[in-house]
Every structure is written in structure tokens, then in C-alpha cells.
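Student: Let me begin by handing over the structure; questions about it come next.
The values are calculated or read from the model by the stated rules, or taken from the named source; none is laboratory data. The shown structure was predicted, so the numbers you read here are calculated from the model rather than taken from an experiment. All Cβ positions, even for glycine, are placed from backbone atoms using ideal geometry, and neighbour counts span all protein chains on display. Calculation scope for accessible area: heavy atoms of the full protein, side chains included, ligands and nucleic acids excluded. Shrake-Rupley method; radii C 1.70, N 1.55, O 1.52, S 1.80 Å.
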Amino acid sequence: MSHQVYSKLREPLVTGDVSLHQITEQACAPLERRAGLTWWMAFALALTALGVGAAAVTYEIATGIGTWGLNKTVGWAFDITNFVFWVGIGHAGTLISAVLFLLRQKWRTSINRSAEAMTIFAVICAAVFPLIHMGRPWLAFWTAPYPNFRGPLWVNFRSPLLWDVFAISTYFTISLVFWYIGLIPDLASARDRAKSKIRKFIYSIMSFGWNGSSRVWSRYETAYLLFAGLATPLVVSVHTIVSMDFATSVIPGWHTTIFPPYFVVGAVFSGFAMVMTLLIIMRKVVNFQNFITVNHLENMAKVILVTGSIVGLAYSTEFFIAWYSGNEYEGFTFVNRATGPFAWAYWIMVSCNVITPQLLWFKKIRRSVPMLFILSIFVNIGMWFERFVIVVTSLHRDYLPSSWAYYTPTLIEIATLVGSFGLFFTLFLLFCRALPMLALGEIKSVSKFGRKPRHPELDDHSKPAAKQPGKSTRAHQRETAHV
Amino acid sequence: MNQTKLQFRTGPAAPKVLGVLAAIGLATFAAGLIQDAPRAWSSWLLAAFYFVTLALSACFFLAFNYLAKSGWFVALRRVPEAMTAWLPVAFVSMLVLALGTGQLYEWVQPHGEHAHVIAHKSPFLNQWFFAARIPIYFAAWIFLSRKLAANSRAQDADGDLRHTVSSWKTSAAFMVLFALTLSLASFDWLMSLDATWFSTIFGIYQFAGLFEAGIATILVVVILLRRRGYLAEVNDSHLHSLGQWLIATSVFWAYIWFSQFMLIWYSNIPEETSYYLIRSQGEWWTVSFIVNPAVNFVLPFILLLPRAAKRSPRMLLRVSLIVLVGHWIDLWAGIMPRLMPQGPTFGYVEAGVTLGFGAAFALVILKKLERAPLVPLKDPYLEESLHHNI
């Protein structure tokens, strides 16, 4: 392979002139030092939330789904909203690790590990909800199509809810294996640096005898590429099938053909927002500013801007076609969303998903860490409400006005949502202590990227460059006109 | 770089041959108008829209590569730049189409049992507003695509980075306007042919076809230029990357095609199934459900799966031609069945008009390619592109 040439416009991916050894030191430091007070406090908080959720779910299972605020008009609400929300969050990780890998986006290396971890934890959180929605979760194995002794009772292959089981379990399996394969070389680094015997033993088992030879690396890279290829269609298929839970019905507001791509884009949008929220905290707490630079955050902000705008386009298309179709029920559903009893939820959704992300058009905002943090939280809120709006507002006023109803979540449902956040953060905090949070091997491979004497005028494109000798007057005028 | 091969020159015969073919196309259209006006107009719509998508796709390709700061595409960038030069001609072709709305679209004079549903759409679907939207779409497309091409050529002269920065901004503006205008344009020109039918994914479906066919066109032009000794800077890795885009876009097309069909089939709502109902009658079924997915997805996907295929100019050329025929069939199966529900017919009008448009399109590209060096000489990412190696 000939050596790679990079344009002088490329920004370095790793800042601070760190050496390869320093990269290992800095990235392994959180694993090797004792947990600080911040970590313990965060962990205690997450565990408490998880405990609250576990209590609520226990009560719900013991008592029945009547503990929820559902009624005969609104039969799906909080639980499904949370399910779709968490599945959506679980999209960024595999997108970053697989799709961006195939697109040769080198900036993914600093964020892929923690984003993938997040994906896996988010999918675990998502999986909890259909399970508890069954009411009798001990019968969950009925969703598996195995030869059974229940007579004609058999899973319904024509139901998208069953496709969900397959889609999500496949996605979870591939994401987990893909993540683990990426972890192996770094687990070996952790093993080689381990001081205690137990630590060394555990990491030895986990790193499968990795010896760092070029043969091992070569096979690893082939496997990684293959997994990236396999995982890419899964990133799309999961939320496509989740969208079909709704779109295969004939309910206005649920049935519309744009749902599959619109859900996928929305999932990437929400996933990136969650990655952004977490990484902004993480880079600060564990001092990863040299690896997760403002450029990384800016790239993620651009993905959020693009996907948020596509989501906005999808909202408008739905609204327009609802009118264009001439179908009065379709039209009513959308007008009701924007002006009916749940208008507050609709406008939270539109504001957080479409309006506020437009601030990311400004470079200053894309590079301001506090602003990004706030905007990413808005997106998280907005995307939760998007699912709520789709699920609940399409149901609450059906064809029969006498059965129109409102829906209010009960404390049990809210506690369950809190519990899912507890589960997510408990797992994430444990990950931060147990596994390398950065893909060491990959970061080292890009540590020289973009690091070279720089052309001074390229540092900030918004400032006019000093007039260079020999440059035509016209070029100079153009430059000044740009300012 | 080989200076002599940097400047593209067409032979003396090519413009004449292409000009004659374009004239033949116009003549067939005129003959078709006399013989069977609705069919002639449908052929015009098919050909005009087909080449709009190729030119727009080129501009989209430029815009997303600028925005993604990709370096590899620089060496072949003049090809999509030249393709966008078709847009002004496409504008004229669509204005001509506005004269034929009465022959093409049921909504011009709603009749029959669904007339009230169609009349409901009249604030949007009426001849005046339909015609007025055409200049709006094209104003955005022509202005922004010319800006991208102009920036690129201005940089050849002075190597100023400002042109790249300006292209980034232009690309961002293009993306926003493209998303809005393409959705609406595909509702206007194609979806409203079935006046009572609607599908929210339709704009994305047209986008998918546009994207795939655009990559195929870029590949065809690049490979033919290479065969004549031009574009030596474009190596097998560039072809590989384009081949990857072709396979990716063919999968994307299949995904969107399937999503639309599957949801309409599953829900089985009469006002939606009407679209697929006329496309499942007689031989239209074969065209819509066998031929169309085969040429736009199955063949490109299988043929381009091996790495070696994506680096072979011969294979890429073949697959690209399959996809270009496929895109035509996709639009044909979208436009014609309503007019000819009894079954697909392919006659001199469809062939002649498309041929005429194709010749004019090729002529415009060749002329445009002559106007600038085939490689953007002073692009800040050029070195990266020249060393593209995957």
C-alpha cells in the first residue's frame, strides 16, 4: 500500500501532541485508578433510579397492567414510547462503528467504543419494555418459534411485533459481537498493564490470548470489516421494523409509507444526541479532551443538524400529504396533533427536534461545548416526545367521538421510565470502570493524522487571509467580499 | 500530470451525430403528438424527468462530497460538474411539459366518481400553480449548481481556498433546497399522474432512483473518458469507491421500493392499493415486480459484490448501463400504466424521445467538459485524491 497523503486542510484527530505511550496511559487511567467520589455518587444515583424502576416493575407484574394509565381508547402509550425511544438511542453506536467505518470516516475512532457500549445498554433498556408489556413476562419464551406443546398456538409470523423480536435480537447479538471484537486488542493492553494477579487473569481470559502479532492483527482487521458490512443493514432494519409496528396498521397517524426511512433517520438523530450528551460529560470527567476534541463534537453536531432537518422534512411531508390525500381522518389526526389536547406534546417535539437544532448552522454554536450539551438534551427530550406523539395522539381520538379519551401516565409508569435510565447509567458507569473507553489501537493509527505544519490562513476560514504577494486584485476583492 | 490529456476535445463528428439524433427525437415527439398526444406527452415527461434526475444527482453528489469534506472525488469532479450543465436545458424541457398538462394529468379536469377528491387538491394541483413551481425549482437548482461549477473553475486559476469555502456553503444551501424541491417536484410531475393516489415516501423513492442512476452516469462518463486516454488520474480505487456507491445506492433503492410496496400491500387500503393494482395487471406485473427490482437492485447487487468487480472498468460499465436502463424502466412503470393499463407497449415515441433527449444530454456534457481542464488543478484536496488507495 502506498503511503496515504492528507490535505493540509485536515485537522488533527488527536490533539495535544501526545505520544503513543501517553495515549495508552491516558486511556487506561480510568480503569486503573480507584473510583473517585464523582463516580461513586453517580453510581449511587443510577442504582437508586434502577431500584425505583425495579420496584415499580415488580409491583406492576404482581398487580397487572391495570397499574398503568391505559384505557380502552389508548391501549399503547408510555411503555411503547419508551421502547421506541431506547431502540432509537441504540442506533448511533453501530452507525458510528459500522457505517462510518465503511465510509472511512477516521474521526469515528475516538467515539466508537463508548457509543457502541451505549448502543448495547440502550437495546437492553428497550428490550425490557415489550417484556413487561406482556403482563406475564414469564411467558416471553412464547415469542420463540420452537416446536411447542401448546397445540395450534403458534407465534404469528405475520405480526410486525414478532419481527421486532427477531430484528432486535439480531441487532443486539451483532452489535455485541462487533463491540467485543473491537475490544479484544485493548483488553490485551489492559492485561499487559495489569498489576494484580486477579486483574491479569480476568483480562487474559477476556482477550482470548491476543499476542499482537501481525497475523492476529490482519485477521482482526478482516473480521472487523466483515462485521461492519454485516452490521450496516442491521442499523437500518431494526428501526424499519419498529416503524412497521405502527405503519402496517390502518390507523391514521400510524399508517404512512414514509415511516421506515423516517424512523431510521430519527433514531440516528436521537442516538447521536445521546452520544453527544454522554461524551461531553465523559471527556471532561476523565480528561479525554485530546481524543474527543471539539472537532469531533462539531462533526456530531453536523450529523444532528442533517438528521434533525430530515426529520423536519418528514413531519412536513406527513402533514402535507394528510391534506393532499383528501382523507378527512388523516387530515383530522394531524390537525388534532397540532391543536388538540396533546398539542403541548406536539410542539415540544417540533421545537426540540426541528427548531432548536437549526442553531447548529452556526459554527460558533457547533463549537461551543455548553451549547452543544444543552441542544443535545433538547433533542433527547424532543425525540422522546416524538414517539409519544405518534403513539398516543394517533389513538386518543379514534373514529368514534364517544370513545375519545385523554391519557395520563401513572406514577408506576413514570417510575419505570426513571428505572430504565437507572439501568442505562448503571451499565454505562460499570463499563467506564471495567473496559477501555477508547479504542486504543484505532486511535494510535490516526494519531499522526492531520498533524503537520499548518498553513496559517487555513486555521480559521471566517477571517480574511493576509493579502499574499502575487495574488490578483480580483481574488483579493472576492476574499474581502466574503467577510 | 499529462498536460495534453488534461484538455478534453470531442471529435468533429460527435456533435453532428448527436445533434441529428436530438433533432430526430424532436421529430418523433412531433409525430407522436399528431398520432397519440397523451402518449407523446407521457414519453416527453419520462425522458425529461429522467435527465433531470441525472443532472440533479450530479449536483447532489458534488454537494454531499463537499459537505463531507471528502478528498477522493476531486480527481473526477469535473464529470458531475459537467452533468449539471444540463439543468438549463432541462428547465426548458419541463416548461414545454407545462403545455401538455391537459393531456397528462387527470386533475386538470377532474371527472368520474373520484372527482371531488381530486377537486380537493386544486389549490395545489392546478395548471397555473403547477407551471409556476417549475421556475422556482429550477432557479434553485441552476443557480446553486452553476455556483459550484464556477467556484471549481475559478480555483483552477488562482488556487484560492475561498472557492472551496464558498462551495461548502453553496452545498449546504443546495441540500436544504434540494430536499424540499425534489419532494415537491416528484409529487407534481409523477405522483399526481395517479391523481387520487398518495404516498409520503414518494419523494424519497424518486431520490433513491436519482441517486443510483446519477452514480451510474458518472461511472459511464468516467470510464469512457479513461478509455480514450483522458482522466488518467482516476485510478482503480476511484472506480472502486464509485462502485461502492453504486452498490450502496442500489440497496437503498430496493429498501425504499420495498418499504412503499410492503406497507401499502400489508395495509390494503383501497385508495393506496390503486397504484399497485394497475401495475399488477397483465405484463405490467412482470415489469413492475420482476424486471424493475432485477435491474435496479438484484443484478447490480450480485454483480458488484466481489471486490474485483468494483475495480473492473468493464464490469462497472456493464452494471452502470443496466442501472441506467433500470432507472428508465422504473420511471416507465411509474408513468405509463395509467395511460396503457392493458399492458406495456414500447414504440417509436418512447424510444425516439428518450434517444433525442439522451443525445442532447451527451452533447451538453461533452461541450461542458471541453470548457475546463479535466482535473481541478489547484483543489486543496487534489493530492489526497491523486493518492486515493483502498
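Student: Compute for chains B and A the buried accessible surface, both sides summed, probe 1.4 Å, and express it in Å² to the nearest 100.
Tutor: Counting both chains, the buried surface is close to 4500 Å².
Student: Per residue, how much accessible area does the range B:36-386 have with a 1.4 Å probe, in Å²?
Tutor: For the range B:36-386, the solvent-accessible area averages 33 Å² per residue.
Student: Turning to a different aspect of this structure: With the radius of gyration and the Kirkwood radius both derived from the Cα set of the protein assembly as shown, what is their ratio Rg to Rh?
Tutor: 0.97
Student: For peptide B:251-261, compute the average count of partner chain beta-carbon atoms within 10 Å of each residue's beta-carbon.
Tutor: For peptide B:251-261, the averaged partner shielding equals 3.
Student: Between B:Arg371 and B:Ala13, how high is the FRET efficiency from 1/(1 + (r/R0)^6) when r is the Cβ-Cβ distance and R₀ = 22 Å? Nearest 0.05.
Tutor: Calculated transfer efficiency: 0.65.
Student: If you don't mind, there's one more thing I want to ask. For the protein assembly as shown, with only Lys/Arg (+1) and Asp/Glu (-1) charged at the beta-carbon, what is the dipole magnitude about the Cα centre, in debye rounded to 20?
Tutor: Dipole size: approximately 3300 debye.
Student: Within 10 Å of each Cβ of B:158-166, how many other protein chain Cβ atoms are there on average?
Tutor: Going residue by residue through B:158-166 and averaging, the value is 5.
Student: Between rounded, prolate and oblate, where does the range A:226-280 land on the alpha carbon gyration tensor, with a ≥ b ≥ c its root eigenvalues, rounded for a/c under 1.5, else prolate if a/b exceeds b/c?
Tutor: It is oblate, given that a/c is not under 1.5 and a/b is not larger than b/c.
Student: Then there is this: Helix by helix through chain A, keep the DSSP H runs that span 24 Å or more along the axis on Cα and average at least 0.0 on Kyte-Doolittle, and give those back in order.
Tutor: Qualifying helices: A:37-63, A:112-133, A:160-193, A:214-247, A:259-285, A:294-324, A:369-388, A:411-434.
Student: Same structure, new question: Taking a probe of 1.4 Å, how large is the accessible area per residue of the range A:340-449, in Å²?
Tutor: For the range A:340-449, the solvent-accessible area averages 41 Å² per residue.
Student: Given springs between every Cα pair under 10 Å in a Gaussian network model of chain B, which of B:Leu148, B:Leu316, B:Leu305 has the largest fluctuation?
Tutor: B:Leu305
Student: To continue, here is another question. Between the range B:333-390 and the range A:265-327, how many Å separate their Cα centres?
Tutor: Rounded to whole Å, the Cα centres lie 34 Å apart.
Student: Kindly count the pairs of lysines across the range B:36-386 whose alpha carbons are less than 20 Å apart, treating pairs on different chains or eight or more residues apart as eligible.
Tutor: Lysine pair count for the range B:36-386: 9.
Student: Here's a follow-up. Amide H of B:Asn126 versus every other amide H placed in the peptide plane: which residues, excluding those fewer than 5 positions away on the same chain, fall under 5 Å?
Tutor: When sequence neighbours closer than 5 places are left aside, there are no close amide H contacts.
Student: To continue, here is another question. Rounded to whole Hz and in sequence order, give me ³J(HN,Hα) for the range B:279-292 from the Karplus expression 6.51 cos²θ - 1.76 cosθ + 1.60, θ = phi - 60°, writing x for Gly and Pro.
Tutor: 8, 10, 8, x, 6, 4, 4, 4, 5, 6, 10, 10, 5, 4
Student: Of the candidates B:Phe143, B:Phe187, B:Phe29, which one comes out as most mobile in a Gaussian network treatment of chain B with C-alpha springs shorter than 10 Å?
Tutor: For chain B, modelled as a Gaussian network with Cα springs under 10 Å, the answer is B:Phe143.
Student: Hey, with R₀ at 56 Å, roughly what FRET efficiency would B:Leu277 and A:Lys197 work out to, going by the Cβ-Cβ distance, to 0.05?
Tutor: According to the calculation, E is roughly 0.20.
Student: Right, here's the next one. At 30 angstrom or more along the helix axis (alpha-carbon based) and mean Kyte-Doolittle of 0.5 or higher, what helices does chain B contain? Whole DSSP H runs only.
Tutor: Result, helices passing both filters: B:13-35, B:37-67, B:161-189, B:202-227, B:236-267, B:313-335, B:348-370.
Student: Roughly speaking, to the nearest percent, how much of the protein assembly as shown's 1.4 Å accessible area is carbon and sulfur?
Tutor: Carbon and sulfur: 69 percent of the exposed surface of the protein assembly as shown.
Student: At R0 = 45 Å, how high is the FRET efficiency between A:Leu139 and B:Leu339 if r is their beta carbon distance? Nearest 0.05 is fine.
Tutor: 0.25
Student: Need the list of aspartates and glutamates near A:Lys8 for cross-linking: C-alpha distance under 16 angstrom, and skip anything on the same chain fewer than eight residues off.
Tutor: A:Lys8 reaches A:Glu457, A:Asp459, A:Asp460, B:Asp160, B:Asp379, B:Glu383, B:Glu384.
Student: Same structure, new question: Relative contact order of the range B:36-386: what whole-number percent is it, with Cα pairs under 8 angstrom and at least 6 residues apart?
Tutor: Here the relative contact order equals 31 percent.
Student: Considering chain B as a Gaussian network with a 10 Å cut-off on Cα pairs, which listed residue, B:Gln103, B:Gln244, B:Gln35, attains the greatest mean-square fluctuation?
Tutor: B:Gln35
Student: Now for a separate question. Under a Cβ-only charge scheme (Lys and Arg +1, Asp and Glu -1), can you give me the dipole magnitude of the range B:36-386 about the Cα centre, in debye to the nearest 20?
Tutor: 980
Student: Next question, about the same structure. List the aspartates and glutamates whose Cα lies under 13 Å from the Cα of A:Lys444, skipping any in the same chain that are fewer than 8 positions away.
Tutor: Qualifying aspartates and glutamates at Cα under 13 Å: A:Asp17, A:Glu25, A:Asp186.
Student: Considering Cα pairs under 8 angstrom that are at least six residues apart, work out the relative contact order of chain A and quote it in whole percent.
Tutor: 32
Student: Return the residues of the range A:237-280 for which accessible area with all protein chains present is lower than in the chain on its own by 40 Å² or more; set the probe to 1.4 Å and exclude ligands, DNA and RNA.
Tutor: So the qualifying set is A:Met244, A:Thr248, A:Val250, A:His255, A:Thr257, A:Ile258, A:Pro261.
Student: Return the residues of the range B:182-205 for which accessible area with all protein chains present is lower than in the chain on its own by 40 Å² or more; set the probe to 1.4 Å and exclude ligands, DNA and RNA.
Tutor: B:Phe187, B:Phe198, B:Thr200
Student: Next up: What is chain A by shape, rounded, prolate or oblate, if you read a ≥ b ≥ c off the alpha carbon gyration tensor as root eigenvalues and call it rounded for a/c under 1.5, prolate for a/b larger than b/c, and oblate otherwise?
Tutor: oblate
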